[in-house]
Amino acid sequence: MHRPTSRRIVPLDTSPPTELTPHQPDAALRPAKPSWIRVRAPSGPGLAETVRVVRKSGVHTVCEEAGCPNIGECWSKHHATFMIMGDTCTRACAFCNVRTGMPRPLDPTEPARVAKAASELGLTHIVVTSVDRDDLADGGADHFARVIYALREQSPGTTVEVLTPDFMRRPDALPTVLAARPDVFNHNLETVPRLYLSIRPGARYFHSLRLLQRAKEIDPNVFTKSGIMVGLGEERAEIMQVMDDMRSAGVDFLTIGQYLQPSPKHAPVKRFMPPAEFEQLRQIAVAKGFALVASSPFTRSSYHAGEDFAKLQAQRRARNA
């Protein structure tokens with residue numbers, strides 16, 4: 001059984017800390033939030049309808065669980081990103097605000113509930129992500145496939161994008177997901193290799209890179225996508241190397257966004273990158289051969305995903321013509 005939630009949608013706190021506390025020993029060393037890091041409080045009838053559908057269906061969204069700063073804009077347009085396999089992750093990444101612990105068993109009704117919610121919201125492009133489920137023999141791959149099949153049955157004209165975990169040490173997991181024929185396969189590298197042990201300790205950089213490469217090998221027609229955050233202490237040359245690694249793995253679509261610290265217990269922001277530098281990175285990535293690049297302070301994996309997928313499709317049609 002799913003657990004109904006009663007969360008209130010609260011806009012991300014973008015004001016700088018006003019005082020030091022015992023739980024924030026490094027607060028004085030953190031850079032103040034600049035003027036371009038601002039989000040609007042969620043409001044409007046579209047938002048209320050999205051909240052109603054999400055609550056009624058009992059599905060989880062990464063928009064809420066991860067405290068996404070774009071929730072007001074996206075939900076007002078009925079754009080919600082579904083998070084399957086519960087709300088508890090088996091890993092504890094230093095950047096992520098999703099709950100960590102021992103998850104509950106998978107809910108067999110979830111695929112149908114996700115499909116129904118997507119249909120009620122009238123989504124033409126659906127993004128489905130999940131928590132890490134290292135407790136499952138297949139890492140949750142079969143459940144991902146079941147959700148995709150349910151979405152295809154409920155909304156056959158809707159395109160499907162999946163943002164999956166790394167399925168560490170489960171070689172059969174990726175073929176299971178791709179057999180369900182998602183339109184976009186997304187797996188985020190998140191940061192540069194040097195920072196993995198402190199930022200993403202449960203993952204391995206080259207395993208994630210190989211996952212993206214294998215996706216193209218298994219299904220050359222699937223669009224592959226990956227993203228990184230900036231502001232965690234990475235160097236510019238390291239970002240360039242990650243771009244080159246992604247291109248070697250055949251990644252089509254790159255997203256680059258500013259890391260925002262969800263709470264004092266998470267990794268601190270080392271730097272806020274100015275918008276002009278995000279544009280520079282976008283231009284460099286395009287020159288390196290990515291079919292599409294989204295790079296801005298508030299870029300996230302599923303931000304404007306439908307519009308971006310339409311651009312990818314148009315590029316492919318033009319190339320084939």
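Taking all Cα pairs closer than 8 Å and separated by 6 or more residues, the relative contact order of the chain comes to 14 percent. Accessible surface ranking for Tyr303, Tyr205, Tyr149, 1.4 angstrom probe, highest first: Tyr149, Tyr303, Tyr205. Rounded to the nearest 20 debye, the dipole magnitude of the chain is 260 debye, with +1 charges on Lys and Arg beta carbons, -1 on Asp and Glu beta carbons, and the Cα centre as origin. How large, in percent, is the carbon and sulfur part of the accessible surface of the chain at a probe radius of 1.4 Å? The value for the chain is 55 percent carbon and sulfur by accessible area.
3J(HN,Hα) couplings calculated from phi for region 221-227 with the Karplus curve 6.51 cos²θ - 1.76 cosθ + 1.60 (θ = phi - 60°) are, in sequence order, 8, 6, 6, 10, 8, 8, x Hz; Gly and Pro show x. Assuming a ≥ b ≥ c are the square roots of the Cα gyration tensor eigenvalues, decide whether region 206-321 counts as rounded (a/c under 1.5), prolate (otherwise, with a/b larger than b/c) or oblate. Prolate, since a/c reaches 1.5 and a/b exceeds b/c. Dimensions of region 90-200 along the principal axes, based on C-alpha atoms and rounded to the nearest Å, stand at 42, 28, 27, largest first. Bridges between two residues of the chain, per DSSP, are antiparallel at a rate of about 5%.
Which whole-number percent of Cα pairs in the chain have a distance greater than 36 Å? Value for the chain (Cα pairs over 36 Å): 13 percent.
Classify region 183-258 from the C-alpha gyration tensor, please: rounded if a/c falls under 1.5, else prolate or oblate depending on whether a/b exceeds b/c. It is prolate, given that a/c is not under 1.5 and a/b is the larger ratio. Taking the Cα centre of region 206-321 as origin and assigning +1 to Lys and Arg Cβ atoms and -1 to Asp and Glu Cβ atoms, the resulting dipole is close to 180 debye.
Could you please report the charge total around Thr191, scoring K, R as +1 and D, E as -1 over all other residues with beta-carbon less than 11 angstrom from its beta-carbon? Result for the local shell: -1. Accessible surface of Cys68, taken over heavy atoms with a 1.4 Å probe and every protein chain present, rounds to 30 Å².
When the Cα positions of Gln213, Pro171, Pro201 are compared along the charge dipole of region 161-275, Pro201 comes out farthest toward the positive end, with charges on each C-beta of Lys, Arg, Asp and Glu. Computed from the C-alpha gyration tensor, the three semi-axes of the ellipsoid equivalent to region 138-232 are 25, 14, 12 Å, from longest to shortest. The alpha carbon gyration tensor of region 146-187 gives principal lengths a ≥ b ≥ c with a/c of 1.5 or higher and a/b greater than b/c, which makes the shape prolate. Solvent-accessible area per residue in the chain equals 46 Å², computed with a 1.4 angstrom probe and all protein chains kept.
Considering only the Cα atoms of region 266-319, their convex hull presents on average a projected area of 4.9 nm². Would you list, by chain and number, the lysines whose Cα falls below 30 Å from the Cα of Lys77, excluding same-chain residues fewer than 8 positions away? Correct list for Lys77: Lys33, Lys56, Lys116, Lys225, Lys311.
Restricting region 205-305 to GluC sites (Glu not before Pro) that sit in a DSSP loop and have at most 11 other Cβ atoms within 10 Å of their own Cβ leaves Glu235.
Surface calculation, 1.4 Å probe, protein heavy atoms: Met273 sits at approximately 10 Å² accessible. Result for the chain in a Gaussian network model with C-alpha springs under 10 Å: among Asp107, Asp244, Asp252, the largest mean-square fluctuation is at Asp107. Ordered by 1.4 Å accessible area with all protein chains kept, Lys77, Lys270 run largest first as Lys270, Lys77.
The values are calculated or read from the model by the stated rules, or taken from the named source; none is laboratory data. Remember, it's a predicted structure, so these values are computed and weren't measured experimentally. With ideal geometry, Cβ positions are generated from the backbone for all residues, glycine too; neighbour counts draw on all protein chains shown. Each accessible area value is taken on the protein alone, full model and side chains, heavy atoms only, with ligands, DNA and RNA left out. Shrake-Rupley method; radii C 1.70, N 1.55, O 1.52, S 1.80 Å.
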